[in-house]
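Chemist: One structure, as structure tokens, below. Some questions next.
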Amino acid sequence: MMKLTVWGGAGEHGRSAYLLSGERVSLLLDCGVKKGGADPYPRIQPDQVRQLDAVLLSHAHEDHSVAIPLLYKSGYRGEVWTTRETAAQCRSYFASWREQTERMNINLPYGMKDQEAIRYRYLEETAPRLTWFELLPGVEAMWGRSGHMLGSVWFLVRTEGKRVFYSGDYTSESLLLADDRPALSDKPSSAMDLAIIDAAYGTDVTSQADQLKHLEQTIDSTLQSGGKILLPVPAVGRGQEMMLWASRRWGNVPIVVEAPLMEGMKQLLSRSEWLRSTANCEQTVRDQPGLALRANKWIIPGNDTEREALLHQYEASLWMVTDGMMQSRLAQWYYRRLAEDPRNLILLTGHMAKGTFGHRLLQQPSLFGHCSVLKVRYKVHQGMKDVLQMLACVPAKHVVLVHADRTETDRLRDLLLKELKDERSRIYSISAGEEVHF
Ligand SMILES: [Zn+2]
Ligand SMILES: [Zn+2]
């Protein structure tokens, strides 16, 4: 018998941390934080931390990675298994969390030395993707690309006679990033014992193609009225996809991009092993970032003076800035300059945690200024159709839906139960602190 204990991430968006414990083995999948909430850290149990044999990290986003130093503070001395890309990106996510907490006068519950104590172990250097390897005596694992961001992966784990699948944050609809179908990697006929599955978009059934159409129409109508569009996005992830998509769609419109996004694009360019090899247009996707770079499509301001000059120079134009929830100084700086003109649009495309500037702005835009504020999702997670597709590839006896609030997860579970009509699998909508025995 094994047990899953949710320390965070189910029934909520943020602080993903899933403890798998058996008779001999204890593994932790991710350990992140929750932005904007009163309870930002996972429910780490220090006595359990000392028993941990390994930590598996799916990707660098703060809701999966930033509470890892807390484990070391609580006595963990083991390794964190992840990709080289993820480990490299984690440094900037740790730094930005540190900066945000300092700005809000909140104490970090761990020190720099806990962060420096992290011992990474690189997946790519241990085994190629879609191949079983021995993670520890008695624990075998496999990883594959999850299409969510550079370096993001899913995991399969075999231990104590059980098989567990953790999707991490997953999408099969990225324009740039490749994903590996987990079904190709294990006998599809035999069900997993447990699957922890990204269901961040809950019952939403819209496809990426539909979302892109919606985004296009929204941007077109602002451009036609001579307005500027501010697109706040995370430094790594959908930002680069949207840069490429926008440069293809609006060839003659100025697109101003902040430097960290450009850095992210260069990073992508040099990591072709994470990119799709073919696309639905004639060129391969691998060539497109290179082509766009050569064409100098993006305008990159170096300081506030240059930004002011560009704002003055361009009317109908696109502006891409970090971060996605508008917590950064720069996102709010741009907002102040665009807010007074009703032709302008702040276009939010991802999750807005309560308490963040993006969330407050979306709730009551008129409190802050006269420009429009809209949210149109750019998909980097799974909705209901994607979850169904995943369950067809990776059937499981116990399915835990994660990454969405509890009400939405309840709704999704009910719909899935009707849709699946499969009495062998149990589907769970649960919250932090709850357990599943399997
Ligand atoms: Zn993520
Ligand atoms: Zn996430």
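No value in this document is a laboratory result; all are computed from the given coordinates. Predicted model only: the values in this text are computed from it and were never measured. With ideal geometry, Cβ positions are generated from the backbone for all residues, glycine too; neighbour counts draw on all protein chains shown.
Chemist: Write out the trypsin sites (Lys or Arg not before Pro) in region 365-438 meeting two conditions: DSSP loop, and at most 12 other Cβ atoms within 10 Å of their Cβ. Please list the in-between numbers first.
Modeler: On the way: sites: Lys375, Arg377, Lys379, Lys385, Lys397, Arg406, Arg411, Arg413, Lys418, Lys421, Arg424, Arg426; in loops: Arg377, Lys379, Lys421, Arg424.
Answer by residue number: Lys421, Arg424.
Chemist: Within 10 Å, count the other beta carbons around each residue, average over each peptide in 235-242, 61-68, 131-138, and list them highest first. Present the calculation step by step, with values, prior to reporting the outcome.
Modeler: Numbers: 235-242: 24.9, 61-68: 26.6, 131-138: 13.8.
So the peptides 235-242, 61-68, 131-138, ranked by packing, come out 61-68, 235-242, 131-138.
Chemist: Suppose R0 equals 41 Å. What FRET efficiency, 1/(1 + (r/R0)^6) with r the Cβ-Cβ distance, do Thr206 and Ala95 give to the nearest 0.05? Numbers along the way, then the final one.
Modeler: Working: r = 34 Å, r/R0 = 0.84.
My answer for the efficiency is 0.75.
Chemist: Still on this model: Subtract the Cα-Cα distance of Asp220 and Cys393 from 0.36 nm times their separation in residues, and report this length gain in nm to one decimal.
Modeler: On the way: separation 173, 0.36 × 173 = 62.28 nm, distance 3.80 nm.
In short, 58.5 nm is gained.
Chemist: Could you tell me the calculated FRET efficiency between Leu130 and His370, based on Cβ-Cβ distance and R0 = 45 angstrom, to the nearest 0.05? All intermediate terms of the calculation are to be shown ahead of the outcome.
Modeler: Working: r = 52 Å, r/R0 = 1.16.
My answer for the efficiency is 0.30.
Chemist: So what's the angle, to the nearest 10 degrees on a 0 to 90 scale, between helix 208-224 and the longest Cα principal axis of the chain?
Modeler: So the helix axis and the longest Cα principal axis differ by about 20 degrees.
Chemist: Could you work out how far apart the two model spin labels at Glu315 and Asp405 are, taking each label as a point 7 Å from the Cα in the direction of the beta carbon, and quote it in nm?
Modeler: Result: 4.1 nm between the two label points.
Chemist: How much length, in nm to one decimal, is gained on full extension between Arg50 and His437, taken as 0.36 nm per residue of separation minus their Cα-Cα distance?
Modeler: On the way: separation 387, 0.36 × 387 = 139.32 nm, distance 2.13 nm.
Gain on extension, Arg50 to His437, equals 137.2 nm.
Chemist: Separate question: How many percent of the alpha carbon pairs in the chain exceed a separation of 40 Å? Walk me through the intermediate numbers first.
Modeler: On the way: 15842 of 95703 pairs.
The share of Cα pairs beyond 40 Å in the chain comes to 17 percent.
Chemist: Let me ask another. State, to one decimal in nm², a quarter of the convex hull surface area for the C-alpha atoms of region 9-74, i.e. the direction-averaged projected area.
Modeler: Working: hull surface 17.7 nm².
Seen from a random direction, the Cα hull of region 9-74 projects 4.4 nm² on average.
Chemist: Using a Cα-Cα cut-off of under 17 Å, which lysines could be cross-linked to Lys385, ignoring same-chain neighbours fewer than 8 residues away?
Modeler: The qualifying lysines are Lys418, Lys421.
Chemist: Right, another one. Run through the DSSP bridge list for the chain and note the antiparallel percent, rounded to the nearest 5.
Modeler: Details: 29 of 66 bridges.
Around 45 percent of the beta bridges assigned by DSSP in the chain are antiparallel ones.
Chemist: Say a paramagnetic label sat at a point 7 Å from the Cα of Ala259, along Cα to Cβ; which residues of region 305-322 have their backbone N under 11 Å from it?
Modeler: Residues passing the 11 Å test: none.
Chemist: Which chymotrypsin sites (Phe, Trp or Tyr not before Pro) in region 7-76 pass both tests, a DSSP loop state and at most 16 other beta-carbon atoms within 10 Å?
Modeler: On the way: sites: Trp7, Tyr18, Tyr72, Tyr76; in loops: Tyr76.
In loop regions of region 7-76 (DSSP not H, G, I, E or B), there are no sparsely surrounded chymotrypsin sites (Phe, Trp or Tyr not before Pro).
Chemist: Once the Cβ-Cβ distance between Ser277 and Met104 is put in as r, and R0 is 60 Å, what FRET efficiency do you end up with, to the nearest 0.05?
Modeler: Details: r = 44 Å, r/R0 = 0.73.
The calculated FRET efficiency here is 0.85.
Chemist: Using a 7 Å offset from the Cα along the Cα-to-Cβ direction at both Arg424 and Arg329, what is the distance between the two label points in nm, to one decimal?
Modeler: So the two model labels end up 5.8 nm from each other.
Chemist: Something else about it: Treating the angle as unsigned and between 0 and 90°, give the value, to the nearest 10°, between the Cα long axis of helix 259-269 and the longest Cα principal axis of the chain.
Modeler: Around 60 degrees separate the two axes.
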